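The structure appears right after this line, and notes come after that.
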Amino acid sequence: VFVLGLALAAIGTYGFVRDHWGRGAGYVAAAVYLYAPYVQFVDPHARGVLAESFSLGLFPMALWSLDRLRVRPTGWRWVTAVFTVAAVILSHNLMALLFFGILLAWAVWQVAVDLIANHQWSTASRQSSNFLFGALFLGLGLAAFFWLPVILERNAVNLNTLIGQGDNYDYHTHFLNWRELLAVSPKLDWGATQPAFRFNLGVAQWLLGGLGLVLLLLRRTRHSVQLAFFALAGGLLLFLMLPASTFLWELTPVLPFFQFPWRLLGAASF
């Protein structure tokens with residue numbers, strides 16, 4: 001299942017990027033995401049968290065499926081989008097919240113951009129948005145047996161044990177700084193039972209991502225509006241891993257349940 005998750009991560013990333021920026025870009029993006037330290041090593045090997053690691057592979061598949069449905073709605077694409085969205089939600093309870101939020105924000109972004117570009121709400125645009133949001137919320141509904149009891153029966157269990165105060169589950173103790181995020185991964189000691197590792201973006205990842213951001217600012221990219229969404233989303237995810245975002249973690253009731261700000265590295269890598 002670990003290997004299948006990594007394969008899905010590569011396929012979904014390649015498919016989504018290829019459809020917008022060509023095969024070459026698809027190969028590069030798939031490699032950059034697949035070999036991001038958090039995706040390739042930290043989650044599957046160092047932490048051994050199967051559910052979270054698998055969710056990192058399902059998210060690109062869901063995004064690609066939704067994007068294909070948006071461009072040309074068909075019955076098969078509708079079914080694929082619904083089930084991949086449901087799969088993302090079922091894979092990991094916390095990452096489900098994060099990834100569904102990103103997918104929903106992306107869908108709203110697409111509709112808003114289409115509306116602004118065309119200066120009117122055409123029949124084709126309305127149909128496309130109906131399919132898009134219909135797949136998102138039907139996928140959410142299919143997974144309701146998983147998340148609905150959490151909401152309805154939250155008073156019957158003690159969820160506060162997931163939030164620490166000064167211990168390992170206290171998010172205050174797990175923020176990263178820019179030096180850590182941009183650091184080189186250390187050479188592993190294969191003889192150690194718990195080899196040291198870093199929560200970092202990966203050098204190739206932040207260099208290529210930075211280059212893409214520069215080209216976006218210079219308006220030398222295709223589908224720049226599509227890129228702008230991921231630039232903003234990536235920037236927000238990075239900010240939430242820094243100590244400067246402490247006030248947001250304190251103001252947002254659900255964020256402390258993520259426990260570790262560096263948990264957002266998987267989504268940021270994408």
Computed over segment 52-161, the Cα gyration tensor eigenvalues, each multiplied by 5 and square-rooted, give semi-axes in Å (largest first) of 29, 15, 12
Note: TYR27 to ALA196 extended length (0.36 nm per residue) minus current alpha-carbon separation gives 57.8 nm
In whole percent, the fraction of accessible protein surface over the chain that belongs to carbon or sulfur atoms, probe radius 1.4 Å, stands at 67
Given the candidates ALA51, LEU140, ASN93, the one whose Cα lies deepest towards the positive end of the charge dipole of segment 1-153, counting +1 at each Lys or Arg C-beta and -1 at each Asp or Glu C-beta, is LEU140
Computed on Cα atoms, the radius of gyration and Dmax of segment 178-270 in angstrom are 15.8, 49
Note on the chain: contact order normalised by length, alpha-carbon pairs under 8 Å, 6 or more apart, percent, works out to 20
Sorted largest first, the C-alpha extents of segment 1-122 along its principal axes in whole angstrom are 51, 33, 25
Calculated from DSSP helices alone, with each H run of at least 4 adding -39500 (n - 2.57) and the total divided by the residues of the chain, [θ]222 nm to the nearest 500 comes to -21000 deg cm²/dmol
Between ASP167 and LEU232, the two model label points (7 Å from Cα along the beta-carbon direction) sit apart by a distance in nm of 4.0
Counting only protein heavy atoms and rolling a 1.4 Å probe, one gets per residue an accessible area for segment 42-190 in Å² of 55
Taking every alpha carbon pair in segment 88-215 and sorting the distances into 5 angstrom bins from 0 up to the bin holding the longest one, the percent per bin comes out as 2, 8, 9, 10, 13, 14, 14, 13, 9, 5, 2, 1, 0
Which of (i) 16.1; (ii) 22.3; (iii) 18.3 gives mean projected area of the Cα convex hull in nm² as computed here? It is (i)
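The values are calculated or read from the model by the stated rules, or taken from the named source; none is laboratory data. The structure displayed is predicted, hence computed values, not measured ones. Please note: Cβ atoms are built from the backbone with ideal geometry, for glycine as well, and neighbour counts cover all protein chains shown. Calculation scope for accessible area: heavy atoms of the full protein, side chains included, ligands and nucleic acids excluded. Shrake-Rupley method; radii C 1.70, N 1.55, O 1.52, S 1.80 Å.
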